[in-house]
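Nothing in this text is a laboratory measurement; each read-out follows from the coordinates by a stated rule. What you are looking at is a predicted structure, and each value in this text was computed from that prediction instead of being measured. All Cβ positions, even for glycine, are placed from backbone atoms using ideal geometry, and neighbour counts span all protein chains on display.
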Amino acid sequence: MLPSDLLMHRFSGEELVPKRLKLDQSNLAIAQDLITLFQEAKGITKGELNRQLLELEGEETDYRIKRGLAHLLNSGFSTFETISPLEPPMLRERIFALSAQVAPSVQATQITLDHLADLLTQELGHEVLTDQIRSGLYADLPDNQILTEFEVPTSEALLHRYNLSQVQGVFYRASHLILNAHRNDPGQYKLLFRYVKLFQLMTYIEGDADHGFTLTVDGPTSLFKPSTRYGLAIAKLLPALLHVSKWSLTAELQVNDSYSGKTRTGRFALESECGLVSHYPPGKTYDSMLEAGFVERWQKAKTEWQLEREVDLIPIPGSVMIPDFRLVHPDGRTFLLEIVGYWRPEYLKKKFSQVRQAGRDDLILAISERLNLEKAGVNFNDTSARIVWFKDQLLPKAVLEVLE
């Protein structure tokens, strides 16, 4: 994402409009020049790379765009490392201790470096040169770190990332937002809710799978004190949302007006046909090896029951529960299966609270015997769900016994 000083937007009434770059020949050329510069910079310091970037910016008026694209290449595609024979603090300690034993001079400096190079060659088992010691002394300073890896994007991908980052920056100052996830594939809902939980967003969820869900998310400026970290968490949700096929959102913003110096209220709206492109990978097919192993064993089991993945969503007050599987029999019977594996006590309390609130008698809970439910304060008898216990693997036979 982009820092606040590289975000660009304008107001249309109260509507905030973030900067977006067209994927035209001019912008693609700018992106390609920057990508080429980074490709050729492998092996040089970050300080030297920044100097070259300033030269590329020149005196043209689009320097903020170039600086924003460079920031994304720096943070999202580049790996910088500290290259030194020893950890720089240890190396400095060694060289300062040796140099303190002789009077300072050019000759004494070279002798000290040669002496330490010999010592480190013997200690480390490979040749250490004096130039490596010189460059390694302060190699831990950001400007002295070396660009060792660069994941080369296409110029189109870089422009897509820039446009997404400009829109993400809108949410840094959101007081709250309302997200409508319209009727979608249940797996997409689960991916969305998983990211909401991952980024620890304060969210109230209403709705059902047939009509869609409304998520009300408190923004960073709605807290007692505005939180940049929370604003970043909301911004990180957007690339995940782009994997959901049908949605719309509105946000209220508290934006600092650069002209008046005052804070003004703004609004922002976005929908699934916005043209933004996510760099997040699609959701994993299974949440764990435990689930993947169960599916593999079920496919080999001799049964008429069909196993379906994430097809039911159970609305509960202020949230939603998404069982891992649905079991369907040719005669029309159906059951939902939720696997409770290896989780923290807080998760277990929440999970069993959801089960109680759901009040479903067609729900099967497969619970690992390794979980200390009593220690977590969970009473598994206080649910209407059917219970299946397992050790290291969940076997289809145990589930089928409950079904029949």
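Figures for the structure shown
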read-out: Nonlocal amide H pairs with Trp389, under 5 Å, H built at 1.01 Å; value: Ile367
read-out: The stretch 38-125 shape via C-alpha gyration tensor axes, a/c threshold 1.5; value: prolate
read-out: Two-decimal ratio, the chain, of alpha-carbon radius of gyration to 2.2 N^0.38 Å; value: 1.32
read-out: Contact order normalised by residue count of the chain, Cα under 8 Å, 6+ apart, percent; value: 13 percent
read-out: Karplus-derived HN-Hα couplings along the stretch 235-243 (A = 6.51, B = -1.76, C = 1.60, θ = phi - 60°), whole Hz, x at Gly and Pro; value: 4, 5, 5, 4, x, 6, 4, 5, 7
read-out: Sum of side-chain charges, Thr82 neighbourhood, beta-carbon under 15 Å (Lys, Arg +1; Asp, Glu -1); value: -2
read-out: Order of Ser245, Ser278 under a 10 Å beta carbon neighbour criterion, fewest first; value: Ser245, Ser278
read-out: Table column - 3J(HN,Hα) (Hz), the stretch 324-339, Karplus curve with 6.51, -1.76, 1.60, x for Gly and Pro; value: 5, 9, 10, 10, 10, 9, x, 7, x, 5, 9, 9, 9, 10, 10, 9
read-out: Cβ-defined net charge surrounding Tyr204, 14 Å radius [Lys, Arg +1; Asp, Glu -1]; value: -1
read-out: Long-range amide H partners of Leu363 with built H, under 5 Å; value: Leu336, Arg386
read-out: Protection proxy ranking of 69-81, 100-112, 166-178 - average other beta-carbon atoms within 10 Å, highest first; value: 166-178, 69-81, 100-112
read-out: Which listed pairs, of Lys236/Lys300; Lys66/Lys197; Lys197/Lys302; Lys190/Lys262; Lys302/Lys391, have C-alpha distances above 29 Å, in listed order; value: Lys236/Lys300; Lys66/Lys197; Lys197/Lys302; Lys190/Lys262
read-out: Kirkwood-based shape ratio for the stretch 88-139, expressed as Rg/Rh from alpha carbons; value: 0.94
read-out: Charge dipole of the chain about the Cα centre (unit charges at C-beta), most positive-ward option of Ser384, Ala31, Ala103; value: Ser384
